[in-house]
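Where a number appears in this text, it was derived from the coordinates with a stated rule and is not lab data. Everything numeric in this text was worked out from a predicted model, so none of it was measured. So basically every Cβ, Gly included, is an ideal-geometry build from the backbone, and we count neighbours across all protein chains shown.
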Amino acid sequence: MKKNNALLKIPYGTRDFLPEEAAAKRIIEEKLAELFSAWGYDEVVTPTMEYLDTLTMGSGGNQTEHLFKLFDRHNSSLALRHEMTTPIARLVSGRLKEQPSPVKLAYLSSAFRYEEAQAGRQCEFHQGGVELMGSGSAAADAEVIALAIESLRAAGLKNFRLFLGQVEFVSGIMEQYQLSDKQKKEVKTCVEGRDLVGLNHLADGLEATDAAKEAIKKIPLLCGVEETLQAAYAIALNPQSRRALDNLSEIYELLQAYDVAQYVVFDLGLLRDFSYYTGMVFEVYTEGLGYPLCGGGRYDHLLADFGHPASATGFALGIERLLLAMERQGCEMAPQATDVYLGYGVSSLTAAIKEAKRRRAAGQKVELATMPQTQEDAAKKQQERGCRELVYIP
Amino acid sequence: MEYLTVALPKGKLFKPSAELLEKIGYTADGLSDKSRKLIITNEEKKVRFIITKTADVPTYVEYGAADIGVIGKDVLTESGKDVYELLDLGFGKCHLMMAVPKEQKRAKLTDYAYTRVATKFPHIAEEFFTRQGMQMEYINLGGSIELGPVVGLSESIVDIVETGTTLKENGLEEIAYIMDATARLIANRVSFKLKFARIGNMVTALSKLVGKEGQP
């Protein structure tokens, strides 16, 4: 008895998608695939596992403890992919090197990361996203952001906000006040984690002017619509930060042209993984979900790590997170009922197969009975299976 | 406007928290930790207070059942919850330390390696001892930690101290300081973003008050 229970268990942080859940996931993925393709992004599929060294390229090193690791038969270290950007960067730096730039790629795939599992946050999860490699323009960034918003809209999510930041803004301010590398890292960690108490403490401990301290303390509170940018300009007294804000203004104007600016909130304390991102960064949040359901940004150094320097920008959205957010917001998920239950009498299976074939070709969803039935039994089955209509061939 | 939900801990932090929030206009009729109602709403201001057990405040805030909350830094650190820490409110000051029976005090801190330590803060304690290169046996207790060494349950304790009176009365002596703690204003990560206008203003208003009172 005990043994059987163990056989029915699945590993920590994984889940089964039952028919309804799988159908909802499929519908979303199809919408995303269609949208990515309409925007000129071609789908790629990469291996589920990669060499550990590939995945820990760049800032992936921070991720080592979150990776599922294994060995191949030559004892090389492998790992399951924990996201799709690094494998795509490898691909673009390798077999797609000769491809005329920019390269626009999309994916829908699973990824693996050791996490403390919560609803919508599992160790095996599914992502959809795009990478735009070979363009450093604000137009490329705006396209990626607009596509992220359109993806969520296409999926049917109603309420969400996209928080937009620029990592160079914070770097510029710290450069301006000549913080040491250690101090920079501490400040960034406090800003990203919104540890305002820690940040205030750090700022007060700096050998700097009061203006500098106030500016640093203010960073995580620069969050809001257009007037936030003006407030940010007021403390950005260096070219690097001003360039970052100019970049955000330009992106924002383009997002207005895409008609999606109403979803955007500026959040200059947003840094994400700051050893990795080099320009604009964004995260999408929605009521009732304690973590971002979509995130992305510009990462201009990753491809150089693979020996093929090129600027790049992109986003990934969590499919399970999106499904959960939609469920919590009561968004409509398309019904999945079968159109026809096709029953048949003792010697009519051949005719029934032909009828099923004809109706399926016409686009109906048809469930064919697995054995002959009376009409009454077929009607009962139709009810039980939730099919819309009964067709019976005596 | 949507409700802003505030989690307040029962016990000694309740009164100063409620008073401070009242000064910036966040209060409700019948707000008291003796109240039998666990949710108290101010319809006019769109604020809702939930009153919970101290150790549960970070949990309510992490999951977004409360947008913001007030909690001691000691409990917050121990909980390891992923919340934003917005403001040091200055009250509820205490510190975490390690204490041992005065009579049997050993020469060095490291002489206590591999001994038993009774505590309500096993995570903080473990982090502290690991930094000293010490492995310990942790005995988790829910209260009256000072009793541990007295009845021979442990060689030492890790606990919070305000005045030190309880330690003295039980023949204990502080031998290592671990961290300071005061009450903190914390926020849910998503609420901080989605309700930024209200929470941001609140932080600004509170920081003026706390700053003023903090000065001698």
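Values for this structure:
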item	result
Members of the range A:219-262 found to be of a type in the set (Asp, Glu) and within 20 Å of residue B:204 (Cβ to Cβ), listed by number	A:226, A:227
Subset of the range B:137-181 [within 14 Å of another protein chain (Cβ to nearest Cβ) and crowded, with 18+ Cβ neighbours inside 10 Å]	B:181
Contacts under 8 angstrom Cβ, first residue in the range A:269-294 being closer than 18 Å to residue A:330 by Cα, partner charged (D, E, K, R) and part of a strand (DSSP E or B), 6 or more apart	A:285/A:161; A:286/A:161
Enumeration of residues in the range A:202-224 that are within 10 Å of chain B (Cβ to nearest Cβ), assigned to a helix (DSSP H, G or I) and out of contact with any Gly (no Cβ under 6 Å at 6 or more places or on another chain)	A:217
Single match in B:99, B:55, B:66 (criterion: part of a loop (DSSP other than H, G, I, E, B) and of a type in the set (A, V, I, L, M))	B:66
Tally of residues being within 12 Å of the chain's Cα centre (by Cα) and surrounded by 15 or more Cβ atoms within 10 Å (Cβ to Cβ) across the range B:11-22	3
Residue in the range A:225-241 that is charged (D, E, K, R), within 14 Å of another protein chain (Cβ to nearest Cβ) and surrounded by fewer than 20 Cβ atoms within 10 Å (Cβ to Cβ) present	yes
The range B:37-59: number of residues that are within 14 Å of another protein chain (Cβ to nearest Cβ) and either farther than 21 Å from residue A:291 by Cα or surrounded by 21 or more Cβ atoms within 10 Å (Cβ to Cβ) (or both)	1
Boolean, residue A:72 is of a type in the set (Asp, Glu) and more than 25 Å from residue A:310 (Cβ to Cβ)	yes
Qualifying residue in the range B:112-121 (condition: part of a strand (DSSP E or B), away from every other protein chain (no Cβ under 14 Å), of a type in the set (A, V, I, L, M, F, W, C) and in contact with a Pro (Cβ under 8 Å, 6 or more places away or on another chain))	yes
Qualifying position, being over 27 Å from residue A:101 (Cα atoms) and part of a helix (DSSP H, G or I), among A:9, A:31, A:25	A:25
The range A:178-201, residues that are surrounded by 18 or more Cβ atoms within 10 Å (Cβ to Cβ), part of a loop (DSSP other than H, G, I, E, B) and away from every other protein chain (no Cβ under 14 Å)	A:179
Residues being surrounded by 13 or more Cβ atoms within 10 Å (Cβ to Cβ) and under 30 Å from residue A:29 (Cβ atoms) - total across the range A:327-369	19
Strands (runs of 3 or more DSSP E) (entirely within the range A:275-332) containing at least 1 residues that are β-branched (Val, Ile, Thr)	A:280-285, A:312-318
Subset of the range B:21-48 [assigned to a loop (DSSP other than H, G, I, E, B), touching a residue at least 24 places away in the same chain (Cβ under 8 Å) and among the hydroxyl-bearing types (Ser, Thr, Tyr)]	B:26
Residue in the range A:129-145 that is surrounded by fewer than 16 Cβ atoms within 10 Å (Cβ to Cβ) and either among the polar types (S, T, N, Q) or part of a helix (DSSP H, G or I) (or both) present	yes
In the range A:154-177, the residues that are of a type in the set (D, E, K, R) and either closer than 23 Å to residue A:261 by Cβ or within 14 Å of chain B (Cβ to nearest Cβ) (or both)	A:158, A:161, A:168
Test: residue in the range B:192-203 that is more than 14 Å from every other protein chain (Cβ to nearest Cβ), among the aromatic types (Phe, Trp, Tyr) and touching a residue at least 60 places away in the same chain (Cβ under 8 Å)	no
